[in-house]
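Here it is, the structure, as structure tokens.
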Amino acid sequence: MKMNRDIELIKDSASVELMIKARELRESGVDIIGLAGGEPYFDTPEPIKERAIYELLKGNTHYAVGKGILPLRQKIAQKLYKDNGIAVSADEIIVTPGAKMAIYLAVRACINEGDEVLIPTPSWVSYTEIVRASSGVPVEVPLNPEDNYTIMAEVLEKYVTSKTKMLILCSPNNPTGRMISEKEIQEIIRFVKGKDIVILSDEIYEKISYIGNNVSPASYQQLKDCTLTVNGFSKAYAMTGWRLGYIAGPAKYINTMNKLYTHTITGTPPFVQEAAVVALDCEDEVEMMQREYQRRRDFFVHALNEIPGVQALVPEGAFYAWCHFDMQGDIAQILLENARVIGVPGKAYGSGYEQFVRFSFANEMKDLEEAVRRIRFEIKNSSKV
Ligand code: PMP
Ligand code: GLU
């Protein structure tokens, strides 16, 4: 049978595949350090778990039909207003099984066959494939490392055609850790003016910032009517396995997405949603994890930069070290085979990044220390050859 052509052609998720690989190697007894998956090593904070258990024991296990339980959507609306300056009603929010699904719903609801989506790169591995799976055309907009990957209107302009429909932004960025500045927002405002383009702003790493608050495009008067904001619980609250995210934006987009939602998702687990209401009050726990990420960033990025031939960008947010290696070949594969350290190859984040590897530092300090030791040893050895 002929399968769906678009889906058949999409690439596997490099980050997910390498997380699976790390698990398999570990299970078969290989001493591997898995820094490929962006996953907090912290456990979900106790009050969140307690609430889920309470709800389960109470029997809150039935369908929670609709966009999400009202108390959660109201709380998210308050959070978006307080933290991000985004004004939306509870009706303009859909709670999804993970932020990934929120992105998928948005792309599916906005894109017709052949429509183009601008994706500044380096960018997270799933945007291009979600667009492809939706019969759209991802258009990579390579940002300049020399310019610290700054988004500029004139660069975006070069890639616009009559088919351009969407621009995907991610701040703090996966994989670079760059955060969008006020100046870049002004560039984006200039760029979208007079165009029929929707912005998808992925802010899932918002709480993991080392330079202050993240700037949300939807908080700007000029952008609020054309911006969909995605966020979720995986990273900020160490809830990756709970699968909960959300999308917020103008009703016309949300209501179209909701049609697809009712036929595919129905609703997310009610006990998970109740626990997420509690999560939004866990500010102390979030702050503690944030301090720990900062400690890891300061150690890991500095230590990598001490290795001759390695240049790691100091991230402003998120928990990734985006490293350039003065080396040829499949660097991530070499490190996996020889150093037993798994990172994601730079080419997964766009063309032209073959000399980069992304490492997650959301890991135990002792693993980061050992990873640095192994990478240093491997680089030293390979330069002798
Ligand atoms: N956006 C980005 C940039 C990510 O790195 C991830 C990683 N999981 C997601 C979205 C999806 O998060 P989740 O589905 O776990 O909420
Ligand atoms: N988002 C994380 C990452 O980039 C987890 C894996 C994935 O969803 O891609 O590593």
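Just the Kirkwood number for the range 142-280, please: inverse of mean 1/r across all distinct Cα pairs, in Å, one decimal.
16.6
Using the Kirkwood radius over C-alpha pairs as Rh, can you work out the diffusion coefficient of the range 332-385 via Stokes-Einstein at 10 °C, viscosity 1.306 mPa s, in µm² per second?
134
To continue, here is another question. From a point 7 Å beyond the Cα of Glu24 in the direction of its Cβ, which residues of the range 34-54 have a backbone N at a distance under 18 Å?
What the label zone holds, given the 18 Å backbone N cut-off, is 34-37.
Let me ask something else. Is there a quick way to get the dipole size of the range 112-167? I mean about its Cα centre, with the Cβ of Lys and Arg at +1 and of Asp and Glu at -1; what is the value in debye to the nearest 20? Show your work: numbers first, answer last.
Values: 4 positive and 9 negative charges, 35 e Å.
The calculation lands at about 160 debye.
With every protein chain left in place, what is the accessible area per residue of the range 246-341 in square angstrom, probe 1.4 Å?
42
For Asp284 paired with Glu337, estimate the spin-label separation in nm (one decimal), with each label point 7 Å from Cα along the Cα-to-Cβ line.
5.1
Give me, ordered by chain and number, the residues 5 or more places off Val341 or on other chains with an amide H under 5 Å from its own placed amide H.
Sorted by chain and number, the residues that satisfy this are Ile33, Leu336.
Taking 4 °C and 1.567 mPa s as the conditions, I'd like the Stokes-Einstein D for the range 95-221 in µm²/s, using the Kirkwood hydrodynamic radius from alpha carbon pairs.
Once the numbers are plugged in, D ends up at 87 µm²/s.
Pick from Lys207, Lys49, Lys193: which is most flexible by mean-square fluctuation in a GNM of the chain where alpha carbon atoms under 10 Å apart are linked?
With Cα springs under 10 Å in the chain, the top fluctuation among Lys207, Lys49, Lys193 is at Lys193.
Here is a follow-up. Taking only protein heavy atoms and a 1.4 Å probe, what accessible area per residue, in Å², does the range 1-102 have with all protein chains in place?
60
Let me ask something else about it. What is the gain in length, in nm to one decimal, between Tyr63 and Lys163 on full extension, counting 0.36 nm per residue of separation less the C-alpha to C-alpha distance?
32.1 nm
Right, next: Using +1 at the C-beta of Lys and Arg and -1 at the C-beta of Asp and Glu, which of Asn173, Phe300, Gly114 has the Cα lying farthest in the positive direction of the dipole of the chain?
Among Asn173, Phe300, Gly114, the one farthest towards the positive end of the dipole of the chain is Gly114.
Another question, if that's okay. May I ask you to work out the translational diffusion coefficient for the range 122-172 at 20 °C, viscosity 1.002 mPa s, via Stokes-Einstein with Rh from the Kirkwood sum over Cα pairs, reported in whole µm²/s? Don't skip to the answer; put the middle values down first.
Numbers: Rh = 12.1 Å.
D = 176 µm²/s.
Let me ask something else about it. Roughly how many percent of the accessible protein surface of the range 212-301 is carbon and sulfur, given a 1.4 Å probe and a whole-percent answer?
Carbon and sulfur atoms account for 49 percent of the accessible area of the range 212-301.
How far is it, in nm, from the label point at Glu354 to the one at Lys183 when both lie 7 Å from their Cα along the line to the Cβ?
3.3
Here's another thing I want to ask about it. What pairs from Lys67/Lys207; Lys183/Lys380; Lys11/Lys158; Lys207/Lys366; Lys100/Lys366 go past 32 Å between their alpha carbons?
Lys183/Lys380, as the Cα separations exceed 32 Å there.
Taking θ = phi - 60°, what integer Hz values does the Karplus form 6.51 cos²θ - 1.76 cosθ + 1.60 yield along the range 156-163, in sequence order, with x for Gly and Pro?
Result, ordered by residue: 4, 3, 4, 9, 7, 9, 5, 9 Hz.
Still on this structure, I have one more. Per residue, how many Å² of accessible area does the range 120-216 show with a 1.4 Å probe?
Accessible area per residue: 38 Å².
Which one of Phe319, Gly267, Ile334 is farthest out on the positive end of the charge dipole of the chain, using unit charges on Cβ (Lys, Arg +1; Asp, Glu -1) and the Cα centre as origin?
Gly267
Rolling a 1.4 angstrom probe over the protein chains, ignoring ligands and nucleic acids, what is the accessible area of Met3 in square angstrom, nearest 10?
110
Report, to the nearest whole %, how much of the accessible area of the range 73-157 belongs to carbon and sulfur atoms, 1.4 Å probe, protein only.
45
Provide the per-residue ³J(HN,Hα) series for the range 52-62, in order, calculated from phi with Karplus coefficients 6.51, -1.76, 1.60 and θ = phi - 60°, each as a whole number of Hz, with x at glycine and proline positions.
Values, residue by residue: 5, 5, 4, 5, 4, 5, 6, x, 7, 10, 9 Hz.
Output the Cα-based Rg and Dmax of the range 23-182 in Å, rounding Rg to one decimal and Dmax to a whole number.
Rg and Dmax of the range 23-182, Cα atoms, are 19.8, 57 Å.
For a quick check of understanding: with a 1.4 angstrom probe and all protein chains in place, what accessible area in square angstrom does His302 have, to the nearest ten?
Result for His302: roughly 110 Å² accessible.
5 Å is the cut-off here: which amide hydrogens, built 1.01 Å from N in the peptide plane, fall below it relative to Phe361, excluding neighbours closer than 5 in sequence?
Under 5 Å from the amide H of Phe361: Tyr320, Ala321.
What does DSSP give for the chain in terms of the percent of beta bridges that are antiparallel, rounded to the nearest 5?
Numbers: 19 of 39 bridges.
Bridges in the chain are about 50 percent antiparallel.
For Arg178, what charge total do you get from the other residues with a beta carbon under 12 Å from its beta carbon, if Lys and Arg give +1 and Asp and Glu give -1?
My count for the surroundings of Arg178 gives -3.
In Å and on Cα atoms, what radius of gyration and Dmax does the range 229-385 show?
Both quantities, over Cα of the range 229-385: 19.8, 61 Å.
Before rounding to the nearest 500, sum -39500 (n - 2.57) across all DSSP H runs of length at least 4 in the chain and divide by the residue total; then give [θ] at 222 nm in deg cm²/dmol.
Theoretical 222 nm ellipticity from helices: -12500 deg cm²/dmol.
With the Cα gyration tensor of the range 162-203 in hand, give its eigenvalues times 5 under a square root as the equivalent ellipsoid semi-axes, listed largest first in whole angstrom.
After scaling each eigenvalue by five and taking roots: 20, 13, 7 Å.
Among Val137, Met19, Ala52, whose Cα projects farthest towards the positive end of the dipole of the range 1-160, with charges put on the beta-carbon of Lys, Arg (+1) and Asp, Glu (-1)?
My answer, from the dipole projection, is Ala52.
Further, regarding this structure: Let me spell out the model: positive unit charges on the Cβ of Lys and Arg, negative unit charges on the Cβ of Asp and Glu, origin at the Cα centre of the range 192-333. What dipole size does that give, in debye rounded to 20?
520
Explain nothing, just the number: dipole magnitude of the chain about its Cα centre with +1 on each Lys and Arg Cβ and -1 on each Asp and Glu Cβ, in debye rounded to the nearest 20. Please list the in-between numbers first.
Numbers: 44 positive and 51 negative charges, 126 e Å.
Here the size comes out at about 600 debye.
Can you run phi through the Karplus equation (6.51, -1.76, 1.60; θ = phi - 60°) for the range 356-373 and list ³J(HN,Hα) in whole Hz, with x for Gly and Pro?
Coupling constants for the range 356-373: 10, 9, 9, 10, 8, 10, 7, 10, 5, 4, 5, 6, 5, 4, 5, 4, 4, 4 Hz.
So how exposed is Thr268, as accessible area in Å² (1.4 Å probe, rounded to 10)?
Accessible area of Thr268: about 0 Å².
Moving on to the next point. Which shape class, rounded, prolate or oblate, goes with the range 164-235 when its Cα gyration tensor gives a ≥ b ≥ c as root eigenvalues, a/c under 1.5 marks rounded, and past that a/b bigger than b/c marks prolate?
Prolate is the answer for the range 164-235, as a/c is 1.5 or above and a/b outweighs b/c.
For the chain, just the Cα atoms, rotate onto the principal axes and tell me the three extents in Å, largest first.
62, 54, 52
Follow-up. Can you list residues whose amide H is under 5 Å from Tyr149's amide H, if they're 5+ apart or on another chain and H is modeled 1.01 Å from N?
For Tyr149, whose amide H was placed from the backbone, the distant partners under 5 Å are Asn144.
The values are calculated or read from the model by the stated rules, or taken from the named source; none is laboratory data. These figures come from a predicted structure and were not determined experimentally. Note that each Cβ is placed from the backbone with ideal geometry, even for glycine, and that neighbours are counted across all protein chains shown. Protein only, heavy atoms only, side chains kept; ligands, DNA and RNA dropped before computing areas. Shrake-Rupley method; radii C 1.70, N 1.55, O 1.52, S 1.80 Å.
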